[in-house]
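Chemist: A single structure is presented below for examination.
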Amino acid sequence: MSSSDLPGAALPDIHVAAVALIRDRRVLMVTARGRAVHYMPGGKIDAGETVQDAAAREAREEVAIELPTDSLSELFEVTTQAHGEPEGRLVRMHVFGVEAAVAAGVTPEPSAEVSALHWVTAADVDRCPPAGAEVLQRLAALGLID
């Protein structure tokens with residue numbers, strides 16, 4: 001039995017990378033198949049993968065866009081309760097911005113795991129799980145989205 005199997009033991013944090021693709025003061029979010037909430041395009045960081053590589057891979061897998069890793073810059077990290085996980089399980093989301101010229105040149109499309117794309121503002125915070133809501137609030141505070 002590992003320490004994480006013991007009653008009361010803390011669950012490990014979930015480490016993820018996400019891309020904030022911004023256009024016209026709105027940021028791209030997705031709805032995953034079978035889910036009602038809006039998420040940032042992103043996901044878990046694979047073993048041996050850099051956070052930046054994970055962000056680029058997830059953008060390719062979820063919204064079919066190729067982003068050179070050198071076009072990504074980390075904006076901030078959000079640490080909050082993980083959506084759909086037991087109380088106390090945290091998600092640590094590294095959020096990357098995309099250079100404006102690169103962002104303007106890509107056309108996102110939903111992948112097999114994504115049912116819809118949404119261009120949102122901070123007014124859509126109620127449609128997001130905790131991490132996504134915090135991302136919207138921070139992007140608005142930085143003056144990047146309305």
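Chemist: Taking VAL95 as the residue in question, decide whether it is part of a strand (DSSP E or B), in contact with a Leu (Cβ under 7 Å, 6 or more places away or on another chain) and crowded, with 20+ Cβ neighbours inside 10 Å.
Modeler: Criteria met by VAL95.
Chemist: Filter the stretch 33-66 down to residues that are assigned to a loop (DSSP other than H, G, I, E, B) and of a type in the set (A, V, I, L, M) and give me whichever is most open to solvent (accessible area, probe 1.4 Å).
Modeler: Of everything passing the filter in the stretch 33-66, ALA47 is most open to solvent (accessible area, probe 1.4 Å).
Chemist: If LEU144 satisfies every condition in (1) in contact with a strand residue (DSSP E or B) (Cβ under 6 Å, 6 or more places away or on another chain); (2) assigned to a strand (DSSP E or B) but one, which is the exception?
Modeler: Status for LEU144: all satisfied but (2).
Chemist: Determine which member of the set GLU74, GLU87 is of a type in the set (Asp, Glu), under 27 Å from LEU11 (Cα atoms) and within 15 Å of the chain's Cα centre (by Cα).
Modeler: It is GLU74.
Chemist: Would you please name the residue that is farthest from ARG138 (Cα to Cα), looking only at residues in the stretch 75-92 that are open to solvent by 20 Å² or more (accessible area, probe 1.4 Å) and not in a strand (DSSP E or B)?
Modeler: Looking at residues that are open to solvent by 20 Å² or more (accessible area, probe 1.4 Å) and not in a strand (DSSP E or B), I get PRO86.
The values are calculated or read from the model by the stated rules, or taken from the named source; none is laboratory data. Since the model is a prediction, treat every value here as computed from it, not as a measurement. Note that each Cβ is placed from the backbone with ideal geometry, even for glycine, and that neighbours are counted across all protein chains shown. For the accessible areas, the whole protein counts, side chains as well, though only heavy atoms, and no ligand, DNA or RNA atoms are used. Shrake-Rupley method; radii C 1.70, N 1.55, O 1.52, S 1.80 Å.
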